[in-house]
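K.L.:
Below is a structure I'd like to ask you about.
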Amino acid sequence: MTTRTQSALVCECGHEGSLKCVENDQPYSSLWESYSLEGFSGNDFTITNYKDMPDDLLAYLKPKCPECGQTGKVRYKDAQRS
């Protein structure tokens, strides 16, 4: 079976979107996870080994906001602000 999850994202300008994850959770089969952006443009990413996972997934995906045109201003919506 394939598991699908989404994490809410927000740009500093207020535009919202999400990070979609599709992963294989079938027992005794090979690992894979695929990440893509919804509501923002940027890179997609698929892994077949956890050691290939980047430390900062959002930095790797480089989401670009369609409202303000900025890259690097998108964060997880539920992340605490400091």
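K.L.:
Would you look at the GNM of the chain, springs on alpha carbons closer than 10 Å, and say which of 28, 60, 50 moves the most?
P.N.:
Among 28, 60, 50, the largest GNM mean-square fluctuation belongs to 28.
K.L.:
So what is the 222 nm mean residue ellipticity for the chain from helices alone, if each DSSP H run of at least 4 adds -39500 (n - 2.57) and you divide by all residues, rounding to the nearest 500 deg cm²/dmol? Spell out each step's value before the answer.
P.N.:
Numbers: 1 runs with 5 residues, N = 82.
Helix-only estimate at 222 nm: -1000 deg cm²/dmol.
K.L.:
Per residue, how big is the convex hull of the chain when only Cα atoms are used? Give it in Å³.
P.N.:
Details: hull volume 7.8 nm³, N = 82.
Convex hull of Cα atoms, per residue: 95 Å³.
Every number in this text was worked out from the coordinates using simple rules, so none of it is lab data. Model, not experiment: these values are computed from the prediction.
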